[in-house]
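So the structure is just underneath, and the comments pick up after that.
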Amino acid sequence: MTVERRGSLSRSIVLALSTLLLVPGCALVPIAPGGPGGPTAPPSSSSTVELEEELERLPGVDAVESFDGLVVVSVTATADDGDVLLIGAAAHALATALAGDAIVDLVRAGAGYDADLDTMTEDPWRVTVHPTEDVERVLTGVLRVEGLPGVRSTVVSGGWASVRIDPAVDFGDTFGEIAATYPFSDGASYSQGSGEHLMIVHVPERTTVEAIQTIAGIAAEYPTAEFILQSPTEGPMWPQLLVAHLDAEQGAALDARLREPDLADADPEGFAQQFQLTVVGPDGPTYIAGTLGDVPR
């Protein structure tokens, strides 16, 4: 999912939780000696190189790698919160000096290869540093979420956050703690495990935390179904709950459950939130449509 949003009802969300576009933020541009009305000066390559070298010498930095339009600062797994915040401040200075010529990413290094799972572990977090954002506040929230049980990885980029949660933990409880923490409190995308069972786009202005916790609890009762709460947020930004891979009996039961009164206030302003269930039978798929809490459309 690609999402652009921070502190405004106008934003764009497209479901693809496994991939997040890195969108460079606005940056401060040095002003030439001629004053505000004079020509702007490009960032000094020597100054940015010095900033990168200073970053690389900081405790907790594993490496600083420059690619075409991207600088990746790898943070060691053992770097404590104080180290990370100092690294973040230095990365912010670098991002400001680059003046939009390159993106600066902070990445906490994963544990590497997991022999038991025969796979590479995920990086615990990745944060794109924007000159116009409070990087200390963002990193403080990311570090808090990193310490929660069951949080596999987080990405914060382009004014939006994405979180992957281990299926072994209670999604609702973990989600509630994350959603109360900045920057995730401004909205975020969530997936559990590989994301094939439960994916949530949380836009706080349109869906309450309590409603999402209820939906997650219902999803746990249908482990073979796919639950997606999508939220295209251009224009009216109406979310829609999509559920697939149901048989006829499951479809009827879930239809009745989603219409119960406890979901009538899913939208903070009382608007109807639609759902669509896909039921697979011998004659192919059929669809059941309704609204959460049976709120009139």
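Quick check: convex hull over the Cα atoms of segment 187-262, volume per residue in Å³, rounded to an integer?
98 Å³
For segment 67-210, what is the convex hull volume of the alpha-carbon atoms per residue, in Å³?
It comes to 125 Å³ per residue, whole-number rounded.
Where Lys and Arg each count +1 and Asp and Glu each count -1, what net charge lies around P167 among other residues with Cβ under 11 Å from its Cβ?
Residues close to P167 contribute a combined charge of -1.
Just need the relative contact order of segment 238-297 here, percent rounded to a whole number, with Cα pairs under 8 Å and 6+ apart.
43 percent
Ranked by Cβ crowding within 10 angstrom, fewest neighbours first, how are D105, D62, D68 ordered?
Fewest to most other Cβ atoms nearby, the residues stand as D68, D62, D105.
Among R259, R57, rank each residue by its count of other Cβ atoms within 10 Å, from fewest to most, as a rough exposure measure.
Result, fewest neighbours first: R57, R259.
Take the Cα radius of gyration of segment 238-297 and divide it by 2.2 N^0.38 Å, with N its residue count; two decimals is plenty.
Output field value: 1.14.
For segment 120-189, what is the Kirkwood hydrodynamic radius in Å, using each pair of distinct C-alpha atoms?
Mean inverse Cα-Cα distance, inverted, gives 12.2 Å.
Counting Lys and Arg as +1 and Asp and Glu as -1, what is the net charge of the other residues whose Cβ lies under 14 Å from the Cβ of D267?
In short, -4.
Every read-out reported here was derived from the displayed coordinates using simple, explicitly stated rules and does not represent laboratory data. All values derive from a computational prediction rather than experimental measurement. Note that each Cβ is placed from the backbone with ideal geometry, even for glycine, and that neighbours are counted across all protein chains shown.
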